[in-house]
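First up is the structure itself, then whatever we jot down about it.
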Amino acid sequence: MKREFAVIGLGRFGGSICRELSKEGMEVLAIDSDEDKINEFKNIASHAVIADSTDEASLKELGIKNIDHVIVAIGDNIQASILTTVILHDLGIKRITVKAQNDYHEKILNKIGANHVVHPERDMGKRIAHSIISNNILDYLELSDDHSIVEVKAGKKLIGKTLVELDIRARYGCNVVAIKQGKNINVSPAADETLKEDDILIVIGADKDISRFEKQLVIDDD
Ligand code: ATP
């Protein structure tokens with residue numbers, strides 16, 4: 001059975017989620033209080049309806065209770081975002097993902113029943129900051145408040161060395177979980193694996209350990 005999603009708020013973020021889910025063939029109910037937005041999405045989403053999500057009766061009428069996963073992407077109006085989340089939680093929606101505007105908003109959303117709070121501007125800011133520290137840092141993904149995954153290109157300090165020589169786990173406390181080599185991905189690489197130019201390492205660990213690893217082994221000196 002197809003999974004059903006609802007996206008509330010069709011700004012840049014919600015709009016992009018709605019487009020992508022629809023492109024992937026998912027059933028998407030798009031909701032916005034702005035008629036222009038609904039007109040824009042009526043040929044993209046499975047259903048697009050004008051509604052104010054802070055009105056519980058309207059949400060009930062739309063059959064929101066039958067939706068598997070609701071994404072609340074109301075931007076600037078924090079009050080409307082909070083109220084919508086409370087209503088969805090009270091209606092028993094199992095999976096609620098909400099976009100937070102700031103840390104304070106995020107804290108409240110976590111307390112009132114959001115299962116997953118996203119902070120796209122902050123997260124993207126962090127990823128970009130890491131990627132501009134060094135051309136060798138390709139991506140950075142936060143796993144929790146203090147653990148992350150980084151994708152790094154083997155630079156001068158890594159090429160030609162084996163994992164056992166580098167001893168990343170003992171020296172930096174992080175783990176190389178996979179090495180991407182062109183189209184192949186070598187999961188749990190062997191200790192005697194020699195790193196080659198263009199190899200991409202996927203490293204998991206505590207932020208403080210990843211930071212040391214980046215500074216000492218990833219950032220080339222020149
Ligand atoms: P983004 O950064 O994603 O572009 P944005 O700045 O466009 O966000 P807003 O314009 O604040 O975000 O809100 C996103 C959408 O949410 C808008 O299209 C707005 O009409 C819609 N919206 C705001 N409040 C409600 C509400 N109570 N019910 C339904 N839709 C709402």
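I'd like to check something: does the range 83-106 contain any residue that is buried (at least 20 other Cβ atoms within 10 Å of the Cβ) and charged (D, E, K, R)? Yes, the range 83-106 has at least one match. Tallying residues that are touching a residue at least 12 places away in the same chain (Cβ under 8 Å) and either part of a helix (DSSP H, G or I) or touching a His at 6+ places or on another chain (Cβ under 6 Å) (or both) within the range 123-159 yields 7. Filtering I108, I74 for residues that are more than 16 Å from the ligand (Cβ to nearest atom), among the hydrophobic types (A, V, I, L, M, F, W, C) and farther than 30 Å from A191 by Cα leaves a single hit, I108. Meeting the requirement of 2 or more residues that are out of contact with any helix residue (DSSP H, G or I) (no Cβ under 7 Å at 6 or more places or on another chain), the strands (runs of 3 or more DSSP E) wholly within the range 3-109 are 27-32, 95-99. Of all the criteria given as (1) open to solvent by less than 20 Å² (accessible area, probe 1.4 Å); (2) within 11 Å of the ligand (Cβ to nearest atom), the one not satisfied by T54 is (1).
Tell me the residue from K37, K60, K23 that is closer than 25 Å to R122 by Cβ and either open to solvent by 40 Å² or more (accessible area, probe 1.4 Å) or among the β-branched types (V, I, T) (or both), please. Write out each step before concluding.
Details: K60 fails: closer than 25 Å to R122 by Cβ; K23 fails: closer than 25 Å to R122 by Cβ.
Going through K37, K60, K23 in turn, just one is closer than 25 Å to R122 by Cβ and either open to solvent by 40 Å² or more (accessible area, probe 1.4 Å) or among the β-branched types (V, I, T) (or both): K37.
When A80, A114 are screened for being surrounded by 20 or more Cβ atoms within 10 Å (Cβ to Cβ), of a type in the set (G, A, S) and modelled with pLDDT of 95 or more, only A114 passes.
Residues checked against (1) within 18 Å of I128 (Cα to Cα); (2) surrounded by fewer than 19 Cβ atoms within 10 Å (Cβ to Cβ):
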| position | (1), (2) |
| --- | --- |
| S148 | yes, no |
| E151 | yes, yes |
| D167 | no, yes |
| N184 | no, yes |
| S211 | yes, yes |
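The values are calculated or read from the model by the stated rules, or taken from the named source; none is laboratory data. Everything numeric here is computed off the predicted structure, so don't read it as measured data. Positions of Cβ are backbone-derived with ideal geometry, glycine not excepted, and every protein chain shown enters the neighbour counts. Note: areas computed on protein heavy atoms with side chains; ligands, DNA, RNA excluded. Shrake-Rupley method; radii C 1.70, N 1.55, O 1.52, S 1.80 Å.
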